[in-house]
Amino acid sequence: MAEHPAYPVGLRLTGRRVVVLGGGQVAQRRLPALIAAGADIHLVSPQATPSVEAMADAGEITWTKRPYEDGDLADAWYALIATSDPTANTAASAEAERHRVWCVRSDDADAATAWTPATGHSAGVTVAVLTTEAKGRDPRHTAAIRDAVVEGLRDGTLVAPHHRTRTPGVALVGGGPGDPDLITVRGRRLLAEADVVIADRLGPRDLLAELPPHVEVIDAAKIPYGRYMAQEAINNALIEHAKQGKSVVRLKGGDPFVFGRGMEEALALAEAGIACTVVPGISSSISVPGAAGIPVTHRGVAHEFTVVSGHVAPDDERSLVDWASLAKLRGTLVVLMGVDKIGKIAETLVAHGKPADTPVALVQEGTTAAQRRVDATLATVAETVRTEDVKPPAVIVIGEVVNVGPGLHK
């Protein structure tokens, strides 16, 4: 038998009798999968680990507290032999052979009639890896292959798009602050499976180059007709492609619901009857300061942080920000989209009581290869932005946390 490879098969054990001999670490590792499979599990062992005992107490398995006896495998469909007694294991294996019960042995794989593959799960798929040779089996190598395949499926580097079961719709994916490694695992997987990607200029652009040739990439930044009409055009594009039965990803920078107009798109999709999935992203309001060595909170320095949009000036009638109240807070203030308005913002904060020497850091192109940090104070930040030629996108951090780690990542 050792000259031939094992034949792989998936056992459907729901409601079927499975016997596990031994309640030690092997059983502890294998039982959860058998429980998940819906098997009728009977454990035979005089002792069990606390975790296995908890499974019995919860009614997930039936535990007979004694050593193995001949006849324990009667009417079983599958058996896991994992006792510490080699004699009992050999006898149980012989009983399994007589009754034609598929049997796994933890102490002697070559004497078993079945092997347990290294398994992993991703997006409704089970990956099972078996060594083809009985002699010289290397469980660590098998597990490493399993891990590589599962990780590839999870992060989208191993592209395996759905065909029969794929449901058309739109995923609003937060791409994170810019570094392609900071997109979530789920976001990257959905991106790899997309037919159409509508991308913001602040999304992780490097990921677009990895998409298969058939994927249509639409640059949302180039959709015409001005800011309001551009959003309406984006909504229409999402709806149009989804109604064509395509899988659509709306790739945004940061998080879709942090100044990303994600809810506007979600509402438009709901009104059109289009299924929508929201995949949160790492917000630049926290990640970019962190990448520049600035904690938005720090013990004894800041017990709060506030994130505001600076896309309109404090004296603009469209502004919804209470700058006077923000000036009185002792914590950290993070301003997004505020580079061209920072002079007026700083002036307003100082006018309402914020000390003019409050530290300010501007982090441009955070988490990317072009990242740079420029430091100033509320009194000097407007001139610093001009002389240092700070350009969007940049995250502005105002507060004493700027000086917590001086010199880091500048």
Query raised in the report: Can you pull out the residues in the range 131-180 that are among the acidic types (Asp, Glu) and either at pLDDT below 90 or part of a strand (DSSP E or B) (or both)?
Result: Glu133, Asp138, Asp147, Glu151, Asp155
Report task. Within the range 17-35, track down each residue that is touching a strand residue (DSSP E or B) at 6+ places or on another chain (Cβ under 8 Å) and among the small types (Gly, Ala, Ser). Result -> Gly22, Gly23, Ala27, Ala33
**Report entry** Evaluation of Ala74 against (1) surrounded by fewer than 18 Cβ atoms within 10 Å (Cβ to Cβ); (2) among the small types (Gly, Ala, Ser); (3) farther than 17 Å from Thr113 by Cβ (one fails), failing number
**Finding:** (3)
Query raised in the report: From Val363, Val402, Val334, which residue is of a type outside the set (Gly, Ala, Ser), over 24 Å from Phe257 (Cβ atoms), in contact (Cβ under 8 Å) with a residue 60 or more places away in the chain and out of contact with any Leu (no Cβ under 9 Å at 6 or more places or on another chain)?
Result: Val402
Report task. Go through the range 172-192 and give me each residue that's farther than 24 Å from Ile286 by Cα and surrounded by fewer than 19 Cβ atoms within 10 Å (Cβ to Cβ). Result -> none
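So is Leu80 part of a loop (DSSP other than H, G, I, E, B), under 30 Å from His121 (Cα atoms) and of a type outside the set (Gly, Ala, Ser) or not?
Taking the combined requirement at face value, the residue does not satisfy it.
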Query raised in the report: Any residue at all in the range 27-35 that is surrounded by 16 or more Cβ atoms within 10 Å (Cβ to Cβ), in the same structural domain as Trp102 (by TED's automatic domain parsing) and of a type in the set (S, T, N, Q)?
Result: yes
Query raised in the report: Within the set of pairs 6+ apart or on separate chains, which have a first residue in the range 102-123 that is β-branched (Val, Ile, Thr), a second that is surrounded by fewer than 19 Cβ atoms within 10 Å (Cβ to Cβ) and in a strand (DSSP E or B), and C-beta atoms under 8 Å apart?
Result: Thr113/Trp102; Thr119/Thr126; Thr119/Val127; Thr119/Ala128
Report summary line: By residue number, the members of the range 1-26 that are touching a residue at least 12 places away in the same chain (Cβ under 8 Å), over 35 Å from the mean Cα position of the chain (by Cα) and surrounded by fewer than 16 Cβ atoms within 10 Å (Cβ to Cβ) are Met1, Ala2, Pro5
**Report entry** Elements of type strands (runs of 3 or more DSSP E) contained in the range 335-410, each with 1 or more residues being of a type in the set (D, E, K, R) and under 22 Å from Ser309 (Cβ atoms)
**Finding:** 372-377
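The values are calculated or read from the model by the stated rules, or taken from the named source; none is laboratory data. Just so it is clear, the structure is predicted and the values come from calculations on it, not from any experiment. In this analysis, Cβ positions are derived from the backbone assuming ideal geometry, glycine residues included, and neighbour counts consider all displayed protein chains.
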